[in-house]
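First the structure, in the form of structure tokens, and then the observations on it.
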Amino acid sequence: MDILKPELLAYMAGIVDGEGTIVIEHLRTRDVPRIAIGMTDRAVPQLFVDAFGGSFRRKPPSGMGKKDIWYWQIVGRRAVQILTYLYPYLIIKKPKAQECFNLRIRSRSDAAKENWARRKTNAKGQAG
């Protein structure tokens, strides 16, 4: 599948804009961008898996007469990379995509160094 085909990227951006989510999750040691979609039509999330990878799962129906929901998501640097492909075609979620671009994705070692420096500074402040 040629994921760089403009028509396909425009279609996928429309799905993210209308049915998807672009968020920055604030985890304990870092902020992580995440893109996700959930739909009852398996073919659409499967298209994202085929094009970009990521995780794919089914949620069983929540009641009688309801359908399965198929979820696709991708996080971190891979999410940012995908947003670079979709960005020209996004409309509603373009500002959130820009926030993801502006986010400095820190590695665990960066976060550990910052936490160690913060604890060291706090310890000095309490002693003095």
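The values are calculated or read from the model by the stated rules, or taken from the named source; none is laboratory data. Model, not experiment: these values are computed from the prediction. Every residue, glycine as well, gets a Cβ built from its backbone with ideal geometry; the counts of neighbours run over all protein chains shown.
For the stretch 57-95, the set of residues classified as within 13 Å of the chain's Cα centre (by Cα) and part of a strand (DSSP E or B) consists of Tyr71, Trp72, Gln73, Ile74, Val75, listed by residue number. Of note, Arg28 does not satisfy the criterion of being basic (Lys, Arg) and either in contact with a Lys or Arg (Cβ under 6 Å, 6 or more places away or on another chain) or closer than 17 Å to Lys94 by Cα (or both). Here the stretch 64-102 is the region considered, the condition is being touching a Lys or Arg at 6+ places or on another chain (Cβ under 8 Å) and more than 24 Å from Asp31 (Cα to Cα), and the residue that is modelled with the highest pLDDT is Trp70. Is there a residue being outside any helix (DSSP H, G or I), among the hydrophobic types (A, V, I, L, M, F, W, C), at pLDDT below 95 and within 15 Å of the chain's Cα centre (by Cα) anywhere in the stretch 28-45? Yes.
The residue list Gln46, Gln73 contains one member that is polar (S, T, N, Q) and over 22 Å from Leu103 (Cβ atoms), which is Gln46. Only one of the listed residues (Ala36, Ala43, Ala10) is among the hydrophobic types (A, V, I, L, M, F, W, C) and farther than 14 Å from Trp72 by Cβ. That residue is Ala10.
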